[in-house]
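A quick write-up on the structure given underneath.
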Amino acid sequence: MRVLGIETSCDETAAAIIERFENEQGEVSSRILSNVVLSQIAEHEPYGGVVPEIAARAHVEALDGLIAKALADADMSINDVDAIAATAGPGLIGGLIVGLMTAKAMAFAADKPFYAVNHLEGHALTARLTDGLPFPYLLLLVSGGHTQVILVHGLGHYERLGTTIDDALGEAFDKTAKLLGLPYPGGPAVEQAALNGDASRFELPRPLKGEARLDFSFSGLKTAVRQTATQLVPLSDQDVADICASFQTAVADTLNDRVKRSLNKFLETYPDKEKPTLVVAGGVAANKVLRKGLETLCEKHGFDFLAPPHILCTDNAAMIAWAGAEHAARTEPDNLDFAPRSRWPLDSTAAPLIGFGRRGAKA
Ligand code: KG4
Ligand code: ZN
């Protein structure tokens, strides 16, 4: 099964073609035939964040060319694909419309089945694309728009164990960077600055640490960073480095405390699971300090730790093509009147949390 995937939910325009295989035991494997991603970071950089109208226009301008390149890289024409999948939500509505309309038009013209994909499901299933990981497993999704722990029971069966009650983790990195005069996106800049910093100089809070619930909170930490920085103005390079290091250590500490509870919850749900696995995805998963912390946590609790390659952790179309292929193997295609959804929770039974704020609708 070969599927063309299209991703336009935020500030990456992407197209990819993957091939999915499944044996009689239900074991899956894949080949990525092409995977092209065009980042719009430079267009949004002057504004310190994603501007929805700029994003939508940039998708319109780039998408046709990227799809042509994805087909050319795979040495295929549209007639050679078995299905077309596009992100239908959650995300910025202008961008979603661009990708979805393009996919529907191609599916109609080439007479191919069409699949509307939930962007979060793309992230959730990536570990099966890269490693053929069998269900069930635990997913920590940490990006600019989401901070969630999801129990992936099976295809289409996702239980959200915890989410942020305020800022997403990537957003906390971005806001901290902005406050300290570091460039956008903030995560890599904060990580870099922290390399020269003293993490013990500032005592920053560990929000929700020790609490029984499985949720996350980062806005208190961001406020503490602002107060710390305000007291020091003007900031020297060393001050910035020390704040970054202290912030990153506080994040790692609170993240480990929160995730540890979800590991226990997984083991309660699946006590007999051999090789329980924690998968981490999303742009923040690139952070080496956080990764190391999670890896050590997993070792301690008998979990395997799996982080897909960075290019497949951040927004991309291979994961959308893959999610489309997983559905194509099990479910009927979607209708061409499928409407884009700026909000689309993976776990429809989980109530939205009060105070849950998001920068745009980035996933
Ligand atoms: O998944 P992603 O590429 O886009 C979406 O949000 O969908 O994630 C981007 C986020 C940004 O907030 C960025 O600051 C953060 O991931 N990020 C990092 C690092 N690299 C990217 N955060 C911490 N450390 C990093 N090295
Ligand atoms: Zn994403």
Any idea which of Gly145, Gly162, Gly210, Gly154 is of a type outside the set (A, V, I, L, M, F, W, C), at pLDDT below 95 and closer than 22 Å to Gly282 by Cβ? Gly145
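When you check Glu171 against the structure, is it in contact (Cβ under 8 Å) with a residue 60 or more places away in the chain, of a type outside the set (A, V, I, L, M, F, W, C) and outside the structural domain of Ala42 (by TED's automatic domain parsing), yes or no? Write out each step before concluding.
Details: in contact (Cβ under 8 Å) with a residue 60 or more places away in the chain: yes; of a type outside the set (A, V, I, L, M, F, W, C): yes; outside the structural domain of Ala42 (by TED's automatic domain parsing): yes.
Considered against the rule, which asks whether it is in contact (Cβ under 8 Å) with a residue 60 or more places away in the chain, of a type outside the set (A, V, I, L, M, F, W, C) and outside the structural domain of Ala42 (by TED's automatic domain parsing), Glu171 comes out as yes.
Can you name every residue in region 292-317 that is hydrophobic (A, V, I, L, M, F, W, C) and more than 14 Å from ligand 1 (Cβ to nearest atom)?
Going residue by residue through region 292-317, those that are hydrophobic (A, V, I, L, M, F, W, C) are 294, 297-298, 303, 305-307, 311-313, 317.
Once the filter is applied, which keeps residues that are hydrophobic (A, V, I, L, M, F, W, C) and more than 14 Å from ligand 1 (Cβ to nearest atom), region 292-317 yields Leu297, Cys298, Phe303, Phe305, Leu306.
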Considering region 20-66 alone, what residues qualify as being in contact with a strand residue (DSSP E or B) (Cβ under 7 Å, 6 or more places away or on another chain), basic (Lys, Arg) and either without any contact (Cβ under 8 Å) to a residue 40 or more places away in the chain or more than 17 Å from Asp131 (Cα to Cα) (or both)? Arg31
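Suppose we keep only residues that are of a type in the set (Gly, Ala, Ser) and buried (at least 20 other Cβ atoms within 10 Å of the Cβ) within region 263-291. Which one would you say is nearest to ligand 1 (Cβ to nearest atom)? Break it down stepwise before answering.
We begin by selecting, within region 263-291, every residue of a type in the set (Gly, Ala, Ser); these are 281-283, 285-286.
Filter again for buried (at least 20 other Cβ atoms within 10 Å of the Cβ), leaving 281-283, 285.
Numbers: Ala281: 8, Gly282: 4, Gly283: 2, Ala285: 8 Å.
My answer is Gly283.
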All positions within region 75-111 that are closer than 15 Å to Phe338 by Cα, outside any helix (DSSP H, G or I) and away from ligand 2 (no atom under 16 Å from the Cβ): Ile84
In this structure, does Ala55 turn out to be in a helix (DSSP H, G or I), more than 24 Å from the chain's Cα centre (by Cα) and crowded, with 20+ Cβ neighbours inside 10 Å? no
Return only the number of the condition from (1) within 10 Å of ligand 1 (Cβ to nearest atom); (2) under 17 Å from the mean Cα position of the chain (by Cα); (3) at pLDDT 95 or above that Leu140 does not satisfy. (1)
Being of a type in the set (Asp, Glu), more than 16 Å from ligand 2 (Cβ to nearest atom) and touching a residue at least 12 places away in the same chain (Cβ under 8 Å): is that true of Asp239 here? no
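Quick check on Ala116: is it part of a strand (DSSP E or B), closer than 23 Å to Asn335 by Cβ and in contact with a helix residue (DSSP H, G or I) (Cβ under 6 Å, 6 or more places away or on another chain)?
Details: part of a strand (DSSP E or B): yes; closer than 23 Å to Asn335 by Cβ: yes; in contact with a helix residue (DSSP H, G or I) (Cβ under 6 Å, 6 or more places away or on another chain): no.
Spelling it out, it is not the case that Ala116 is part of a strand (DSSP E or B), closer than 23 Å to Asn335 by Cβ and in contact with a helix residue (DSSP H, G or I) (Cβ under 6 Å, 6 or more places away or on another chain).
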Among (1) part of a strand (DSSP E or B); (2) away from ligand 1 (no atom under 16 Å from the Cβ), Glu24 falls short only on (1)
Determine which single condition Pro90 fails, assuming it passes every other condition in (1) touching a Phe, Trp or Tyr at 6+ places or on another chain (Cβ under 6 Å); (2) free of Cβ contacts under 8 Å to residues at least 40 places away in the same chain; (3) not aliphatic (A, V, I, L, M). (2)
Only one of (1) over 14 Å from Thr176 (Cα atoms); (2) loosely packed, with under 12 Cβ neighbours inside 10 Å is not met by Phe202, so which one is it? (2)
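Return yes when Glu191 is away from ligand 2 (no atom under 16 Å from the Cβ), assigned by TED's automatic domain parsing to the domain that holds Ala281, closer than 22 Å to Val259 by Cα and free of Cβ contacts under 8 Å to residues at least 40 places away in the same chain and no when it is not.
Details: away from ligand 2 (no atom under 16 Å from the Cβ): yes; assigned by TED's automatic domain parsing to the domain that holds Ala281: yes; closer than 22 Å to Val259 by Cα: yes; free of Cβ contacts under 8 Å to residues at least 40 places away in the same chain: no.
Judged against the criteria, Glu191 is not a match.
Given the residues Gly95, Gly89, which is the only one that is of a type outside the set (A, V, I, L, M), out of contact with any Lys or Arg (no Cβ under 7 Å at 6 or more places or on another chain) and surrounded by 20 or more Cβ atoms within 10 Å (Cβ to Cβ)? Spell out how you get there, then give the answer.
Values: Gly89 fails: out of contact with any Lys or Arg (no Cβ under 7 Å at 6 or more places or on another chain).
The match here is Gly95.
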Of the residues in region 174-186 that are touching a residue at least 24 places away in the same chain (Cβ under 8 Å), crowded, with 20+ Cβ neighbours inside 10 Å and touching a Leu at 6+ places or on another chain (Cβ under 9 Å), the one that is nearest to Gly283 (Cα to Cα) is Thr176
Residues of region 294-317 satisfying the condition of being within 13 Å of the chain's Cα centre (by Cα) and touching a residue at least 60 places away in the same chain (Cβ under 8 Å): Pro308, Pro309, Ile311, Leu312, Cys313, Thr314, Asp315, Asn316, Ala317
Residues satisfying the stated conditions in region 231-248, i.e. within 16 Å of Ala177 (Cβ to Cβ) and either assigned to a loop (DSSP other than H, G, I, E, B) or modelled with pLDDT under 95 (or both): Leu235
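Please work out if Glu43 is modelled with pLDDT under 95 and surrounded by fewer than 18 Cβ atoms within 10 Å (Cβ to Cβ). Walk me through how you get there before you give the answer.
Working: modelled with pLDDT under 95: yes; surrounded by fewer than 18 Cβ atoms within 10 Å (Cβ to Cβ): yes.
Against the criterion (modelled with pLDDT under 95 and surrounded by fewer than 18 Cβ atoms within 10 Å (Cβ to Cβ)), Glu43 qualifies.
The values are calculated or read from the model by the stated rules, or taken from the named source; none is laboratory data. Bear in mind the structure is a predicted one, so any value in this text is a computation, not a measurement. All Cβ positions, glycine included, derive from the backbone under ideal geometry; neighbour counts span all protein chains shown.
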